[in-house]
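Worksheet: one structure, shown below.
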Amino acid sequence: MHIFEPSNEYRMTSWLAQQEDRNTITLYQCDSSLSAWTQRCMRQADVVLIVGLGDHAPIVGKFEREIDRLAMRTQKELVLLYHESINAKPKNTLQWLNVRPWVTKHHHLQCPKRMFTRKSQYRINDLYSRVLMSEPNMHSDCSRLARWLTGNSIGLVLGGGGARGAAHIGMLKAIQEAGIPVDMVGGVSIGALMGALWCSDRNVTAVTQKAREWSKKMTKWFLQLLDLTYPITSMFSGREFNKTIRDTFGDVAIEDLWIPYFTLTTDITASCHRIHTNGSLWRYIRSSMSLSGYMPPLCDPKDGHLLLDGGYVNNLPGK
């Protein structure tokens, strides 16, 4: 008797429901083909994880194309894996997302070498039996994904304060020393810059160095004098300020950061706040740091709206 026969539908559904009631998490592993079990997994799941290699081409396979049809109301998330030893940063994430409009969220995971080598079933069992004996790394990307799926993510939001925002570096160091993982970061004004540095490198030493270099550029008075302009909209043209931020981050997109990130700006065109979770990283950091009267607002490349410091939505005084 086959469990997938129509006469056993009730028994199968009942047994799966019991597993979900008894356990906090039930993990369904699909077959490599579009089998009856794979279709059952898609119908039962609350979240479908689509796993790919981040350094490969973002091609949508034949099997993957059926996901949206078979699990139309199920949340689908993209997981991109990277070799831990190569130290390559994510890129072209937008291409992966554009060909998968059904994906609602994505995750970047640095994984150990053992996940990319082929082994026999016996060696896999032996390897992971030893892995399970060791203490889990709470700061690993796999742990971050697990916390997200279980609703236990830890978020960090960094506020403004001008030069005082450099204290965020010390706070990040203290958080790391206390063993507290950071799963997502938000920031406004100087907090947007410091938060983006952390999401890009996740290393206190590298973040400190980049923040110090940026601060040194900002204190060169002769560059500030060259940036003075007719005070029609602001005292400075913003040209040199733009360059310091772009030199720090390059043309990286928010989607390519290791950790989920957002920044807040004030949309003076629509008189509302804006939360940015995708697009040009340096542009939205610059927008979130644009104090009225000192820097001109930045034009959003998506809709042409003018953006200023996100602190103005919280009654930040300005001229």
>> Just to be sure I understand the filter: pairs with C-beta atoms under 7 Å, separated by 6 or more residues or on different chains, first member in the stretch 146-164 and in a loop (DSSP other than H, G, I, E, B), second member open to solvent by 40 Å² or more (accessible area, probe 1.4 Å). Which pairs pass?
In response: Thr150/Ile25; Ser153/Met184; Ile154/Ile180
>> Quick check on the stretch 6-31: of everything there that is assigned to a helix (DSSP H, G or I) and of a type in the set (S, T, N, Q), which residue is modelled with the lowest pLDDT?
In response: Ser7
> For the stretch 247-275, which residues satisfy the criterion of being without any contact (Cβ under 8 Å) to a residue 40 or more places away in the chain and in contact with a Lys or Arg (Cβ under 9 Å, 6 or more places away or on another chain)?
Replying inline: Asp247
> Can you find even one residue in the stretch 182-203 that is surrounded by fewer than 11 Cβ atoms within 10 Å (Cβ to Cβ) and out of contact with any strand residue (DSSP E or B) (no Cβ under 8 Å at 6 or more places or on another chain)?
Replying inline: no
> How about the stretch 142-168: which of its residues are over 15 Å from the mean Cα position of the chain (by Cα), open to solvent by less than 20 Å² (accessible area, probe 1.4 Å) and of a type outside the set (Gly, Ala, Ser)?
Replying inline: Leu158
>> So, in the stretch 29-44, how many residues would count as being over 14 Å from Met72 (Cα atoms) and either touching a Lys or Arg at 6+ places or on another chain (Cβ under 8 Å) or open to solvent by 40 Å² or more (accessible area, probe 1.4 Å) (or both)?
In response: 8
> Would you call Gly179 open to solvent by less than 70 Å² (accessible area, probe 1.4 Å) and either in contact (Cβ under 8 Å) with a residue 60 or more places away in the chain or under 30 Å from Leu291 (Cα atoms) (or both)?
Replying inline: no
> In the stretch 116-130, which residues are more than 27 Å from the chain's Cα centre (by Cα), within 27 Å of Asp55 (Cβ to Cβ) and surrounded by 11 or more Cβ atoms within 10 Å (Cβ to Cβ)?
Replying inline: Lys119, Arg123, Ile124, Leu127, Tyr128
> Counting residues that are touching a residue at least 24 places away in the same chain (Cβ under 8 Å), which helices (runs of 4 or more DSSP H) fully inside the stretch 38-144 reach at least 3?
Replying inline: 67-70, 93-98
> Here are some residues: Val47, Val103. Which one is under 21 Å from the mean Cα position of the chain (by Cα), open to solvent by 40 Å² or more (accessible area, probe 1.4 Å), closer than 27 Å to Asp256 by Cβ and aliphatic (A, V, I, L, M)?
Replying inline: Val47
> Name the residues in the stretch 261-281 that are of a type outside the set (Val, Ile, Thr) and within 17 Å of Leu158 (Cα to Cα), would you?
Replying inline: Tyr261, Phe262, Leu264, His273, Arg274, His276, Leu281
>> Name the residue that is surrounded by the fewest Cβ atoms within 10 Å (Cβ to Cβ), counting only residues in the stretch 75-87 that are hydrophobic (A, V, I, L, M, F, W, C) and either in contact with a Phe, Trp or Tyr (Cβ under 6 Å, 6 or more places away or on another chain) or modelled with pLDDT of 85 or more (or both).
In response: Val79
> Which of the residues spanning the stretch 50-74 are exposed (fewer than 14 other Cβ atoms within 10 Å of the Cβ) and either at pLDDT 85 or above or among the basic types (Lys, Arg) (or both)?
Replying inline: Val51, Leu53, His56, Ala57, Ile59, Val60, Lys62, Arg65, Arg69, Arg73
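The values are calculated or read from the model by the stated rules, or taken from the named source; none is laboratory data. Bear in mind that the values here come from a model prediction, so they are computed numbers and not experimental data. Note that each Cβ is placed from the backbone with ideal geometry, even for glycine, and that neighbours are counted across all protein chains shown. Only protein heavy atoms, including side chains, enter the accessible area calculation; ligands, DNA and RNA are left aside. Shrake-Rupley method; radii C 1.70, N 1.55, O 1.52, S 1.80 Å.
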